Structure formats: structure tokens, C-alpha cells
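Enquirer: Okay, here's the structure, questions in a sec.
Since every read-out is calculated from the coordinates, none of them should be taken as a lab result. The structure displayed is predicted, hence computed values, not measured ones. Cβ atoms come from the backbone with ideal geometry, glycine included; neighbour counts cover every protein chain shown.
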């Protein structure tokens with residue numbers, strides 16, 4: 001599973017990377033603590049046709065937040081739709097976040113931290129039929 | 001009109017003595033109550049007005065009686081009064097609130113009751129009693145604003161408690177699957193330690209903030225010689241300023257004093273100067289200029305300007321003073337300093353504003369009463 005992790009917190013990145021590894025899903029993963037750098041990376045991946053299947057995106061980040069990232073990605077939704085699922089991975093429990101998440105077509109779900117086996121399974125269930133259909 | 005005037009307040013008296021006593025009691029209430037009492041006819045003509053009303057509109061009785069109430073009301077509330085008076089003339093007691101000036105008075109919040117006076121099953125006039133509820137309304141608004149603040153604060157705190165807690169939970173789970181003594185296991189253990197320390201730190205922040213809020217309004221303000229506080233801050237930071245090749249220029253008039261709290265002033269200026277040092281621009285030597293202005297008995301203005309990295313205010317917007325918000329993620333920091341500065345300044349009854357230009361510097365303006 002080709003995964004892009006975006007979180008300003010290095011501990012969350014470590015935790016997510018290890019969990020993916022234990023689930024045998026860490027074949028390809030890229031991690032960024034800075035959402036602006038992650039965006040540059042993702043746009044480059046679009047041009048070479050190698051978009052990640054899953055983006056795990058933190059919401060509360062300084063300067064470029066998760067929401068900013070999604071807004072900046074708006075022009076590229078068409079190229080990503082159907083190939084790339086964005087999951088918001090957040091420690092926020094504000095109901096308004098879920099409502100806002102629903103307004104972005106790329107967002108497949110909102111997951112509360114910490115990520116665990118069950119949540120990874122949920123993503124996998126979602127991604128595999130998509131991947132099969134794409135193949 | 002004259003007819004109605006004559007009808008009020010005379011009524012045939014059945015048993016003279018008790019009615020006279022009642023009359024005295026009600027007359028005393030009418031004359032002495034701080035509430036405004038008017039008696040009006042259907043055309044909104046004032047037929048009687050109590051001293052409280054005359055005092056508010058600063059007019060003698062003969063310039064009030066037989067005048068339209070509209071003359072004392074701003075145009076925007078006249079339709080409301082007309083409607084409510086008409087409603088009272090249908091025989092109903094009408095109650096409503098409004099915010100308006102009356103005569104030449106300053107605008108106030110009023111709780112207004114209109115009570116119809118019935119004679120032979122017909123409404124012959126309407127009494128209006130208006131109570132000034134300005135203080136109550138203002139304190140209500142203040143409580144609402146504070147409540148909103150607290151809600152925001154709770155949300156921020158819960159988020160910042162949840163973040164390290166979620167990590168700790170995840171890491172504990174991970175420790176169960178990582179091979180003991182492997183590098184990953186050791187990493188997870190170290191991260192767990194850090195997460196718990198972060199959790200503890202948030203709770204310590206809460207203690208600091210709540211302690212300031214608790215003292216709000218309790219700490220007696222005193223006249224503080226600003227130069228003395230600035231000197232203390234400079235002494236405590238002089239090594240760091242010197243090390244980075246920085247300069248601090250201070251312009252404070254002789255004997256300049258501000259009304260406030262010594263510890264809060266010290267903490268605010270210490271935080272601001274620490275930020276200037278931390279977020280200085282490597283392209284040029286740090287220059288901080290602190291200036292104080294304001295005459296005796298007037299508001300005092302302290303400006304604190306540096307030539308550092310600056311903050312992108314278009315992006316940061318209202319977040320600059322928000323708890324746990326950070327604007328230079330590559331520099332270490334927790335997003336607490338400016339929140340504390342604002343809390344301190346506000347607890348001294350002051351306010352703080354910021355202007356900034358990325359690559360040029362940041363200027364804070366503190367205004368104290």
C-alpha cells in the first residue's frame with residue numbers, strides 16, 4: 001500500500017510507520033512533517049503518475065494545516081479521484097471537523113488518533129477493492 | 001384629549017379613608033421610584049409623568065405633559081412603541097425590552113411594561129413602567145463573551161491533552177508487538193516518555209493560566225515604574241542578547257509609571273524579548289526598540305518592535321495570541337508565550353495589538369489604563 005503520511009508530530013509519524021510495518025503495509029511510504037513539502041511532493045507524484053493510494057493527513061499543523069492542504073489540492077482533485085484516498089488522522093474530537101471533512105470529495109474518512117490495527121483494516125478494506133478495480 | 005386628562009386619576013370614592021391611604025401609598029411610589037412611569041392616551045400623548053422620567057429627559061413637567069411620547073424617542077423605536085401601545089389598548093399587559101435614548105439621555109437598555117387602565121370594560125389609558133436594565137444586560141453580554149472564550153479554551157486544551165495522550169495509547173499498544181530490546185522497542189519507549197512529559201506540560205500550562213485568571217480583578221493595581229521592570233528584564237536576558245550580537249534601545253520618559261502589576265509586566269516584557277531573540281533574522285543583527293508614551297492620568301502606550309523574522313499575519317490572522325498556536329515551526333517553542341502576554345495585559349485592564357511584516361520584523365503595542 002503506497003502511503004503518504006503528513007503530520008507535524010514526529011512521534012505520530014513513528015507510530016504510524018511502525019503500525020503499517022507490522023500490518024505488512026509499509027512497502028512504500030513517504031512521511032512529511034511539513035504539509036507544504038508534502039504538497040510539493042504529491043504534485044510531483046501526480047506529474048509522473050505515481051500517486052499514493054492513501055494519504056494520512058493530520059489537521060492541526062502550524063502554517064499549512066490539514067484543511068489548507070486540502071484546499072491547496074483542490075485544482076488536482078480530478079487527477080487524484082479514484083486513485084488516492086485521503087484519511088484525516090486527528091486528535092480532535094470536534095463534531096464540526098467531521099462535517100467539514102464531508103465537504104471534500106477526496107476525503108474518505110476521519111480517524112481519531114491513535115491509529116491502530118482496526119483502523120488500518122478499515123482503510124485496507126476500502127482501498128483493496130479500489131486497487132483491484134484500478135488494476 | 002382634555003376629556004381623557006380629566007378622567008385621570010379621579011374616580012368616585014366609596015369609602016374615603018382607606019382610598020386616601022391607598023392614594024398616598026401609590027403617589028409615594030409614583031414620586032419616588034427610580035423606574036420611569038408615564039400615563040398615555042391612545043394617541044401616545046403623555047398625560048402624566050413621574051419625577052424619574054422628568055429627571056431622565058431633563059425637562060420640566062409642563063414641557064412633557066400633553067406632548068407626544070415620540071418627541072422623546074429616537075425614530076427607530078417609534079414604530080415599536082406605537083405597536084406596543086396599540087396592543088395595550090386592546091386590554092392586554094404588554095412587556096418588551098428595548099435599547100434607546102430618551103430625550104437627551106444616553107442610550108440605555110429598558111425593560112418596559114405597558115398596563116392598560118380599564119373603566120367600564122373599556123381601556124381609557126395605558127400606564128408605562130420602564131426599568132433601566134443596562135447594567136444587567138451588559139453583564140449578561142460580558143458573561144456570554146466570557147463563556148464563548150472559555151468554550152474555545154476548553155476545546156484547545158482538550159485537543160492538546162488528547163494529542164500526547166493518543167500517542168501514549170498508541171505507543172503502549174506498539175510496545176506489546178515490538179520485539180523487546182530491539183531499536184524500535186527502545187524508540188517507542190523513549191517516545192512514550194516524551195508523550196507523557198508533554199501531557200504533564202499541558203497540565204502545568206493550565207495551572208499557570210488558571211492562576212492568572214483566578215487573580216484577575218483581585219490583584220490590586222499599583223503604580224509601577226516601567227524603566228525599573230525593563231531593566232530587570234534586560235539584566236536577565238543580557239547574556240543572550242549579547243551572544244547573538246543584538247541591541248535593545250529603550251526610550252522611556254523620566255518617572256514614567258504604568259498602572260498594573262509588577263510581575264505581569266515583567267513576564268510580558270520578558271516573553272516579548274525572548275521571542276525577539278528566538279525569532280531573530282539571521283540576515284541582520286537583532287535590534288529591539290522599546291518606547292513608552294502617555295501623559296500622567298492618560299492611557300499609557302508601550303511599543304515593542306523588533307527587526308526579526310516577522311509573522312505572516314494574513315495567514316495567522318486572529319491566531320497570533322491563541323494558545324498553542326505556532327508561527328515558526330522550525331524553531332522550538334510551545335505556543336504559550338504570546339497567549340500569556342495577552343492574558344497578563346488583559347488582566348491589568350489593558351489590550352495588546354500586533355503588526356508584522358515577514359522579513360522585516362514585528363511590533364507589539366500594549367495599551368494600559
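Enquirer: Among B:283, B:152, B:322, which one moves the most in a GNM of chain B with springs linking Cα atoms closer than 10 Å?
Expert: Taking springs between Cα atoms under 10 Å, the residue moving most is B:283.
Enquirer: Under the 0.36 nm per residue contour assumption, what length would be gained going from the current alpha-carbon distance of residue B:118 and residue B:201 to full extension? Could you put the intermediate results ahead of the total?
Expert: Details: separation 83, 0.36 × 83 = 29.88 nm, distance 7.00 nm.
Extra length from residue B:118 to residue B:201 when fully extended: 22.9 nm.
Enquirer: Ok, one more. What's the center-to-center distance, using Cα atoms, between segment B:136-168 and segment A:35-51 in Å?
Expert: Cα centres, segment B:136-168 to segment A:35-51: 37 Å.
Enquirer: A further question follows. Which value in deg cm²/dmol, rounded to the nearest 500, describes the helix-derived mean residue ellipticity at 222 nm for chain B, given -39,500 (n - 2.57) per DSSP H run of n ≥ 4 and division by the residue count?
Expert: Details: 10 runs with 168 residues, N = 369.
Per the formula, -15000 deg cm²/dmol.
Enquirer: Return B:178, B:296, B:97 ranked ascending by Cβ neighbour count within 10 Å, so the fewest neighbours appear first. Could the numbers behind the result be given before it?
Expert: Working: B:178 20, B:296 8, B:97 12.
By the 10 Å Cβ count, ascending: B:296, B:97, B:178.
Enquirer: Continuing with this model, one more query. What percent do you get for the relative contact order of chain B when only Cα pairs under 8 Å and 6+ apart count?
Expert: Details: 532 pairs, mean separation 36.2, N = 369.
Computed value for chain B: 10 percent relative contact order.
Enquirer: Moving to a separate point now. Taking springs between alpha-carbon atoms closer than 10 angstrom, which of B:28, B:267, B:356 fluctuates most in the Gaussian network model of chain B?
Expert: Comparing B:28, B:267, B:356 in a Gaussian network model of chain B, the most mobile one is B:28.
Enquirer: Apply 1/(1 + (r/R0)^6) to the Cβ-Cβ distance of residue B:235 and residue B:278, taking R0 = 25 Å, and write down the FRET efficiency to the nearest 0.05. Let's see the in-between values first.
Expert: Working: r = 19 Å, r/R0 = 0.74.
Efficiency for this residue pair is about 0.85.
Enquirer: A further question on this structure: Could you calculate the FRET efficiency of residue B:95 with residue B:20 from 1/(1 + (r/R0)^6), where r is the beta carbon distance between them and R0 is 25 Å, rounded to 0.05?
Expert: Computed FRET efficiency for residue B:95 and residue B:20 comes out at 0.20.
Enquirer: Just need the relative contact order of segment B:262-363 here, percent rounded to a whole number, with Cα pairs under 8 Å and 6+ apart.
Expert: Numbers: 141 pairs, mean separation 32.5, N = 102.
In percent, rounded to a whole number, it is 32.
Enquirer: Ok, one more. Could you identify which residue out of B:293, B:33, B:303 has the top mean-square fluctuation in a GNM of chain B using Cα springs shorter than 10 Å?
Expert: It is B:33.
Enquirer: So, one more: Let me check against my output: what whole-number percent is the relative contact order of segment A:2-134, with C-alpha pairs under 8 Å and at least 6 apart?
Expert: Details: 179 pairs, mean separation 31.1, N = 133.
Relative CO of segment A:2-134 lands at 23 percent.
Enquirer: Once the Cβ-Cβ distance between residue A:68 and residue B:355 is put in as r, and R0 is 22 Å, what FRET efficiency do you end up with, to the nearest 0.05? Numbers along the way, then the final one.
Expert: Working: r = 23 Å, r/R0 = 1.05.
In this case the efficiency is close to 0.45.
Enquirer: To continue, here is another question. Which of B:165, A:5, B:171 comes first, and how do the rest follow, when ranked by fewest Cβ neighbours within 10 Å? Don't skip to the answer; put the middle values down first.
Expert: Working: B:165 19, A:5 23, B:171 26.
Ordered from fewest to most neighbouring Cβ atoms within 10 Å, B:165, A:5, B:171 come out as B:165, A:5, B:171.
Enquirer: Please work out whether chain B counts as rounded, prolate or oblate from its C-alpha gyration tensor, where a ≥ b ≥ c are the square roots of the eigenvalues and a/c under 1.5 means rounded, while otherwise a/b larger than b/c means prolate and anything else oblate?
Expert: Numbers: a/c = 3.63, a/b = 2.23, b/c = 1.63.
Here chain B falls in the prolate category.
Enquirer: Separate question: Per q in 0.11, 0.12 1/Å, what log10 I(q)/I(0) does a Debye calculation on the alpha-carbon atoms of the protein assembly as shown return?
Expert: Log10 of I(q)/I(0), two decimals: -0.99, -1.08.
Enquirer: Which value in nm describes the separation of the simple spin-label points at residue B:291 and residue B:146, placed 7 Å from the Cα toward the beta carbon?
Expert: Each label point is offset 7 Å from its Cα along the Cβ direction, giving 3.7 nm.
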